[in-house]
Amino acid sequence: MTQSTTQLMNLPSCPNDAVDVHVIQRIVEEHNQTRGALIAVLEDIQAEYGYLPETALRTVAEATGRSLVDIYGVATFYRSFSLQPRGKSLISVCLGTACHVRGAPMVVEEFERQLGIRVGETTSDMAFSLETVNCLGACALGPIVAVDGHYFSKVDPAKVKSIIRKARLGLSPVEESVA
Amino acid sequence: MIELTINGVLVSVEKGATILEAAEFLGFPIPTLCHMEGLSPYGACRLCVVEIGEGPKAKLVSSCTYPAEAGLKVRTASTRVLRTRRMILELLLASCPQSKIIQDLASAHGIRRQRFKQEYEDCILCGRCVRMCEEQMMAKAIGFRGRGEKRSIGTPFDVQSDVCRLCGGCMYVCPACQLRCTYTEPEKAICGGCANLSPPCIEKDPYDDMLCYMSPCVACEITKTEMKIGV
Ligand code: FES
Ligand code: FES
């Protein structure tokens, strides 16, 4: 993660955003500044910072020549984009119908209890963020919990502790499928 | 030129015209809320519904966004249309019971009772202000944010936008923020949608589900019938 704190000169500085304008500009350029690439650009920014910092969105607006409202509208429309800093690991507990009837609400509660946060919050040490999602597409294996791209199946409250431990140790990065 | 029939009357309009424009040309009134001359059609409020097609295939469309098609058969005031329109108005009224424009529309459509919970929302998301800001003021300072239940209109990050020139155009076109007369200051309030200019004749409390601005006054009607049957 880039730690440089370059600020856009004409923009209000945001103390929490350690955003490198050049990184954002590079991401925008990689996508050829095409109109349709906005979501891809935002995804890349989120991959870089874990969330969408305000300065980054302003930079995107400037680099693409689009207005900030459009970009902000897209960024707030999709649940997978976050405008708040998120923890190192993102724990997504599926609360889709199938997982729900198999006891996912209890899993959520257990996560909340063990991490000491509520759904949508981040632990104070910035290690974990907890969220619920509405179906991860593996209903037969539910309840499903996804942590940083890793899927845990048939999760019950008893397994929560080990999932958190594994995530803390760092889950091996998922290999990108070679097409 | 395109020929279509509206309420049985043949009319020809230019290509690209909407049903609403064609109906206006003929003089058939269609109530609108999110539509505004000079702004692009948006189709948010659905108040302008009309029925097109015939028989079981007939369907409701929003006339402000539906382009006139050759041979189209449009009904602007069928029973189904009127029923739908009233329901839409009732729902709009429930979300914004304080908006004078919506109240007057409701009143004009014979809605006499509010059946739904009043939400006192300050926005019906009709998008007039958003389009005004973008299309007439060339600013794009405000826009839609979020989705579903959380959808709202405002500036990015809720801070004053640097492209906003404080022109006030957004407020000027807003149908929801025009306040109506209230019960709280009885001397100043006027009952009956400001139409009959008579002072309010009821206390609010006994009739909290009613909306006294509607003319004829619901409360008076009820008091009269109650007196008649001697409750
Ligand atoms: S409901 Fe959880 S994966 Fe489908
Ligand atoms: S006026 Fe047509 S949908 Fe609002």
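The values are calculated or read from the model by the stated rules, or taken from the named source; none is laboratory data. Everything numeric in this text was worked out from a predicted model, so none of it was measured. FYI the Cβ positions are ideal-geometry reconstructions off the backbone, even for glycines, and counts take in every protein chain you see. Only protein heavy atoms, including side chains, enter the accessible area calculation; ligands, DNA and RNA are left aside. Shrake-Rupley method; radii C 1.70, N 1.55, O 1.52, S 1.80 Å.
Only one entry of B:136, B:118, B:114 meets the criterion of being open to solvent by less than 40 Å² (accessible area, probe 1.4 Å) and away from chain A (no Cβ under 13 Å), and that entry is B:114.
Restricting region B:45-95 to residues that are hydrophobic (A, V, I, L, M, F, W, C) and open to solvent by 40 Å² or more (accessible area, probe 1.4 Å), the residue that is farthest from ligand 2 (Cβ to nearest atom) is B:70. Restricting attention to region A:144-162, the residues being more than 15 Å from residue A:89 (Cβ to Cβ) and open to solvent by less than 10 Å² (accessible area, probe 1.4 Å) number 2. The residue that is surrounded by the most Cβ atoms within 10 Å (Cβ to Cβ), among those in region A:40-57 that are within 14 Å of another protein chain (Cβ to nearest Cβ) and in a helix (DSSP H, G or I), is A:56. Look at residue B:70 and say whether it is at pLDDT below 95, not β-branched (Val, Ile, Thr) and not in a loop (DSSP other than H, G, I, E, B). Here the answer is no, as residue B:70 does not meet what is asked.
Just one of the numbered conditions (1) more than 12 Å from chain B (Cβ to nearest Cβ); (2) crowded, with 19+ Cβ neighbours inside 10 Å is not true of residue A:69: (1).
Take residue B:105 and tell me if it is within 27 Å of residue B:4 (Cβ to Cβ), surrounded by 17 or more Cβ atoms within 10 Å (Cβ to Cβ), more than 14 Å from chain A (Cβ to nearest Cβ) and more than 18 Å from the chain's Cα centre (by Cα).
no
State which residue is least open to solvent (accessible area, probe 1.4 Å) when the search covers only region B:139-171 and only residues that are assigned to a helix (DSSP H, G or I) and without any contact (Cβ under 8 Å) to a residue 24 or more places away in the chain.
From region B:139-171, those assigned to a helix (DSSP H, G or I) are B:148-150, B:156-158, B:169-171; that's our starting set.
Now drop any that are not without any contact (Cβ under 8 Å) to a residue 24 or more places away in the chain, which leaves B:148-150, B:156-158.
Details: B:148: 54, B:149: 182, B:150: 161, B:156: 9, B:157: 42, B:158: 114 Å².
That would be B:156.
Please indicate, with yes or no, whether at least one residue in region A:56-77 is under 10 Å from the mean Cα position of the chain (by Cα), farther than 23 Å from residue B:130 by Cα and in contact (Cβ under 8 Å) with a residue 24 or more places away in the chain. No - not one qualifying residue is present in region A:56-77.
For the condition under 30 Å from residue B:138 (Cβ atoms) and of a type in the set (D, E, K, R), residue A:62 qualifies.
Where helices (runs of 4 or more DSSP H) fall entirely within region A:85-179, those with at least 1 residues that are more than 14 Å from ligand 1 (Cβ to nearest atom) and small (Gly, Ala, Ser) are at A:160-169.
Could you please give the count of residues in region B:1-44 that are of a type in the set (Val, Ile, Thr) and exposed (fewer than 15 other Cβ atoms within 10 Å of the Cβ)?
Of the residues in that region, 2 qualify.
Do we have any residue at all in region B:40-53 that's away from chain A (no Cβ under 14 Å) and either within 16 Å of ligand 1 (Cβ to nearest atom) or farther than 30 Å from residue B:99 by Cα (or both)? Yes: one or more hits. Against the list (1) open to solvent by less than 40 Å² (accessible area, probe 1.4 Å); (2) within 14 Å of chain B (Cβ to nearest Cβ), the condition residue A:92 fails is (2).
From B:159, B:130, grab the single residue that is over 18 Å from the mean Cα position of the chain (by Cα), β-branched (Val, Ile, Thr), within 14 Å of chain A (Cβ to nearest Cβ) and farther than 30 Å from residue B:3 by Cβ.
Details: B:130 fails: over 18 Å from the mean Cα position of the chain (by Cα).
B:159 is the lone residue from the list that is over 18 Å from the mean Cα position of the chain (by Cα), β-branched (Val, Ile, Thr), within 14 Å of chain A (Cβ to nearest Cβ) and farther than 30 Å from residue B:3 by Cβ.
A single entry from A:107, A:60 fulfils the requirement of being of a type in the set (Val, Ile, Thr) and within 13 Å of chain B (Cβ to nearest Cβ): A:60.
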